[in-house]
């Protein structure tokens, strides 16, 4: 193409922007699901709730406060991530609308697009980390404090940490792989 610089995707006519829009759509959809999980976590906790184990292991108000803080921070990261992704999608779609005969041909500055997608991905990862921390507090409120070594609490937290950490590491490694190619 004439006047093509290194700032633009070399194969934008072949569908690079379509791939970016699809990736951004997926990120927004996942963030929406996680945002729902934030509100479900908040709705499951009530003041002075007793654990299912025994009253000695009941969580105090400090655990409920941490839960609320982690839920709000998690929601903030998911909202940040979704807004950045939606902004990038909007830019791509508006640029595409200039030439209706050649859809998905937008010339987006690749550096801006990569940083935007990276920021959105980092926001999602941070949101997941804080959602995981809030779920640890939900477990402590519902099943008993970890300091009491409640078997149910320890097993639930262990499963949560192992699975979520594995998922986050997989997400990060595939995102890094995609960004370096």
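The values are calculated or read from the model by the stated rules, or taken from the named source; none is laboratory data. The model shown is predicted, which means the values in this text are computed figures rather than measured ones. Every residue, glycine as well, gets a Cβ built from its backbone with ideal geometry; the counts of neighbours run over all protein chains shown.
Within the option set 167, 116, being at pLDDT 85 or above and exposed (fewer than 15 other Cβ atoms within 10 Å of the Cβ) holds for one residue only, 167. Counting residues in region 121-143 that are farther than 22 Å from residue 160 by Cα, modelled with pLDDT under 85 and in contact with a helix residue (DSSP H, G or I) (Cβ under 8 Å, 6 or more places away or on another chain) gives zero.
When you look at residue 134, is it more than 24 Å from the chain's Cα centre (by Cα), buried (at least 22 other Cβ atoms within 10 Å of the Cβ) and assigned to a helix (DSSP H, G or I), yes or no? No, not satisfied.
For every residue, the table says whether it meets (1) surrounded by fewer than 17 Cβ atoms within 10 Å (Cβ to Cβ); (2) at pLDDT 70 or above; (3) more than 13 Å from residue 137 (Cα to Cα).
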{"residue": "21", "(1), (2), (3)": "no, yes, yes"}
{"residue": "28", "(1), (2), (3)": "no, yes, yes"}
{"residue": "51", "(1), (2), (3)": "no, no, no"}
{"residue": "61", "(1), (2), (3)": "yes, yes, no"}
{"residue": "69", "(1), (2), (3)": "yes, yes, no"}
{"residue": "72", "(1), (2), (3)": "yes, yes, yes"}
{"residue": "75", "(1), (2), (3)": "no, yes, yes"}
{"residue": "79", "(1), (2), (3)": "yes, yes, yes"}
{"residue": "101", "(1), (2), (3)": "yes, no, yes"}
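Against the numbered list (1) more than 28 Å from residue 28 (Cβ to Cβ); (2) at pLDDT below 90, residue 155 comes up short only at (2).
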